[in-house]
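Asks: This is the structure, below, for whatever I ask next.
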Amino acid sequence: MTLKSIELFGFKSFGKKSIVNFTTPITAVVGPNGSGKSNIVEAIRFVLGEQSMKSLRGKGGSDLIFKGSKGTPSSSRASVVITFDNSKKIFSFTSGNIKNSSSVSLDYDEVSIGREVFPDGVNKYTINGTEVRLKDILDLLSSVNIGSSGHHIISQGEADHILNASNKDRRGMIEDALGLRVYQYRIKESTRKLEKTLLNIKEVGSLRREIAPHLAFLKKQVGIIEKAKEMRDELNNLYRDYISSESTYIKKETDRLNKEREYLDNRGRDLDERISQIKNNKEEKVESPYHKDLKEKEEELRICRSQKGELSHRLGRIEGVLESIEREISNAQNVKERVITESEWKSIVSEIEFKINEAIEKENLPEIIEILRSIKIRISSLSENKDITPKVNENILKEYEDMKKLKEEILENVNALNTKEKETESSIFDLREKERQNEISLRDNERVLYELLGEKNKIVSDTHSLSFEEEKLGLIKSAFEMELVEGGVLIGRDIMSFTEIESQKEVDRKAQEDLRKKIERIKIKLEDVGGGGGGDVLKEYEETKERDEFLEKETEDLNNSIKDCQILIQELKETLDKEFKEGVEKINKQFQEFFSLMFGGGSAFLAITMEHKKVRKDEIFEENEEDYEEDEDEIKENDTELGFERGIEINVSLPQKKVKDLHMLSGGERSLTSIALLFAISQVNPPPFLVLDETDAALDEANSRKYGNMLENLSKYSELIVVTHNRETMSCADVLYGVTMGAEGVSKLLSIHLEDATLYAK
Ligand code: ATP
């Protein structure tokens, strides 16, 4: 037996622990009205997870708890445990995710499902004593075709429940009986997941929309920062060239100008010195140093020459005198000697001397000649007037000798004067040469001075040019220093290292100026873009981008999940549809059989209907696949649209009667039809047990017999628990339980025999 027992404690009228053991295919529960039979049926519903309080005939959890009676105190909770045999491992759990689920059989020989309810309505569920969720219990039960629709438990007065149910509810019962509820459950779960995913995707979408403008702003900022960085890199490179070249240029120029300055200063000083030297020399040497000597020598020469001339005159006169004396002497030797007295001679000589000196003084040669002629005449006259003796006067001879001596002396003097003259002339020549040299030298100094002054002028002019250049370089230096400061702000301290780099190439000022202009343009652009302090922005951009990418990935995952859900739902629906149709066909066969058995003919079958329904939003997806990605607003709009839903219609045709409408059947006919259908359903997919609470109440004796036959037939597939007052039915049962309720208001159970049962039932 699959169903082994049910234990009640504190449940409704069962204030004390009561156990019903199911050991045979058909167990009948009998007892008088109000003894608590139906409470047993409800206990079974309760423990199998029934959530409808109405089905349990109560309003809240506390209605299910034993209220207490005179002798028995009330219970603190209602507890029911139902135990199944699982030696054949018929119970299993659904495992895996919603998409790929599989069954895992429960590895216990016995499965006990328990439920407790407390006065506050809180429920506690257990499987083999372990607390579980309701879902777990429903999942476990669905594996043995016990669904929540409760088609396998027919409560009192609900024999025709399946006939009264709507097409849609009937479909639910049949799905349940066919074990298809698991599909419904999974469709529902998938739909719920789909809804949740759609909500998530909407939330993610709105989050992305929220951060989109900020992200766009940050992206723009990052673009600007990156542009600025590019520009700063370019600026860095340009600065490297510019600063190294400029620094090299300034160093070289400073050196050059310093050297130039040093040279010009030194040269200027030298020139000043030399110029002033030359000027001073010039002033000192206006007169030649040889001039005085020369004048002296010239005077000496003049005197020498004058003396020499005088001596020459004297010499000439003497020579004339000598000559005349010699002639006289010669004449006296040839002619009569003429005797001249001494006094006469003396007078003549003194006269000659006087006249000659006078003539010499006057340098008058003709006069000297004239004198000499007059001397001759006088001498002749003397001779004529006197007796001339050819004898030569001794005085004359002496005179002659004296004259000769004098001549010799004079010649000596003349010679001495000649020597002196020559010497003096030579000295004068030397001095004049020296003076000439001096003059040449003076003229050279003049030229040098002129040249020096010219050079000095040039030095002054060069110094002016140099000062101008120094000033210019000073400006270049200040501009350079300013550039270093400005550049430092833009590219950092690195700029200072560029000043250490020595430019190898010749610095072209034009190229340098072009470079500076280029740098200036980039600086302006940098100023325009701003872009300072980008670290925070970059960090924020990275974080925001990461977040957006995460959300994008999330959206993608969610979209995939939506697609998976939609595919799963579609597949589940297709499987459900297929199995449902096949199941209904099978049921129809059984239904027809049981029906004609009950009614001795006629026909009965179930038809699948498609009816309009108000579409729930989850079902819109099923019908309009393209709408899946639409906004929820759209979905809500679609909520009002009409769709179709499947239902089950019961078609019967009683033998010899034209009645086809279920409403027109009698109570008994309704019971029989419903029993035929329930039995048909149960046989197609037999549940472990069926509970029939006074399903036979409306049957007459003949039908009760047929009913009993069917029970026996059905008990081959499912255990039957029948609550009955019907003796026919009781006779089918192998075990009978009698339920009594004494004056203390507590239901009690006891096993009874068939013979006592009828009595019991009354
Ligand atoms: P019938 O044959 O008339 O259908 P029954 O045997 O099926 O009767 P039940 O309906 O199972 O009888 O039992 C009803 C009894 O249970 C009532 O007497 C009611 O007072 C009692 N009962 C219901 N709820 C509680 C409760 N919470 N505490 C105590 N007794 C309760």
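Asks: Rounded to the nearest 20 debye, what is the charge dipole size of the chain about its Cα centre when +1 sits on each Lys and Arg Cβ and -1 on each Asp and Glu Cβ?
Replies: Values: 118 positive and 148 negative charges, 802 e Å.
Rounded to the nearest 20 debye, it is 3860 debye.
Asks: Give me the accessible area per residue for the chain, probe 1.4 Å, as a whole number in Å². Don't skip to the end; give the middle numbers.
Replies: Details: 42170 Å² over 762 residues.
Solvent-accessible surface per residue comes out at 55 Å².
Asks: Another question about this same structure. Straight-line reach from K12: which aspartates and glutamates have Cα under 14 Å away, leaving out those fewer than 8 places along the same chain?
Replies: E42, D63, E116, E744
Asks: From largest to smallest, what semi-axes in whole angstrom does the chain give when each is the square root of 5 times an eigenvalue of its alpha carbon gyration tensor? Mind showing how you got there, number by number?
Replies: Working: eigenvalues 6546, 115, 64 Å².
So the three semi-axes of the chain are 181, 24, 18 Å.
Asks: Along the charge dipole of the range 527-567, pointing to its positive end and built from +1/-1 on Cβ of Lys, Arg, Asp and Glu, which listed residue (S561, G534, L551) has its Cα farthest out?
Replies: Toward the positive end, the furthest listed residue is S561.
Asks: Quick check: the angle from helix 167-177's long axis to the longest principal axis of the chain, C-alpha only, nearest 10 degrees?
Replies: Value to nearest ten degrees: 90.
Asks: I've got another one for you. Carbon and sulfur atoms: what percent of the 1.4 Å accessible area of the chain do they account for?
Replies: Working: 20770 of 42170 Å².
Of the solvent-accessible surface of the chain, carbon and sulfur hold 49 percent.
Asks: So which lysines can K292 reach, going by Cα to Cα under 17 Å and dropping same-chain residues fewer than 8 places off?
Replies: K434
Asks: Right, something else. Cross-link list K37/K748; K220/K525; K4/K37; K227/K510; K355/K407: which exceed 20 angstrom alpha carbon to alpha carbon? Working shown, then result.
Replies: Details: K37/K748 10 Å; K220/K525 16 Å; K4/K37 18 Å; K227/K510 28 Å; K355/K407 18 Å.
Distance filter (> 20 Å) returns K227/K510.
Asks: Which links in K297/K420; K168/K196; K518/K539 stretch past 21 Å when you go from one Cα to the other? Please list the in-between numbers first.
Replies: Numbers: K297/K420 11 Å; K168/K196 26 Å; K518/K539 32 Å.
Going by Cα-Cα distance, K168/K196; K518/K539 fall outside the 21 Å limit.
Asks: If you don't mind, another one. Using mean Cβ contacts within 10 Å as the protection proxy, how do 55-65, 242-252, 22-32 order, highest first?
Replies: Details: 55-65: 17.7, 242-252: 19.5, 22-32: 22.4.
In decreasing order of mean packing, 55-65, 242-252, 22-32 become 22-32, 242-252, 55-65.
Asks: Add +1 for every Lys or Arg and -1 for every Asp or Glu among the other residues with Cβ under 9 Å from the Cβ of V723, and state the total.
Replies: Net charge around V723: -1.
Asks: Let me ask something else about it. As a test, work out the antiparallel percent of DSSP beta bridges whose residues both lie in the chain, rounded to the nearest 5. Show your work: numbers first, answer last.
Replies: Details: 51 of 66 bridges.
Roughly 75 percent of the beta bridges in the chain run antiparallel, per DSSP.
Asks: To test your reading of the geometry: what angle, between 0 and 90 degrees and rounded to tens, separates the Cα axis of helix 37-47 from the longest principal axis of the chain?
Replies: Between helix and principal axis, roughly 10 degrees.
Asks: Can you flag which of K308/K346; K295/K362; K259/K477 are past 22 Å Cα-Cα? Before the final figure, lay out each step's value.
Replies: Working: K308/K346 28 Å; K295/K362 27 Å; K259/K477 18 Å.
The pairs that break the limit, which is 22 Å between Cα atoms, are K308/K346; K295/K362.
Asks: Using just the helices of the chain, give the 222 nm mean residue ellipticity in deg cm²/dmol: DSSP H runs with n ≥ 4 each add -39,500 (n - 2.57), and the total is spread over all residues, rounded to 500. Could you put the intermediate results ahead of the total?
Replies: Working: 18 runs with 475 residues, N = 762.
Computed mean residue ellipticity for the chain: -22000 deg cm²/dmol.
The values are calculated or read from the model by the stated rules, or taken from the named source; none is laboratory data. This is a predicted model, so every value here is computed, not measured. We place every Cβ from the backbone using ideal geometry, glycine too, and count neighbours over all the protein chains shown. Note: areas computed on protein heavy atoms with side chains; ligands, DNA, RNA excluded. Shrake-Rupley method; radii C 1.70, N 1.55, O 1.52, S 1.80 Å.
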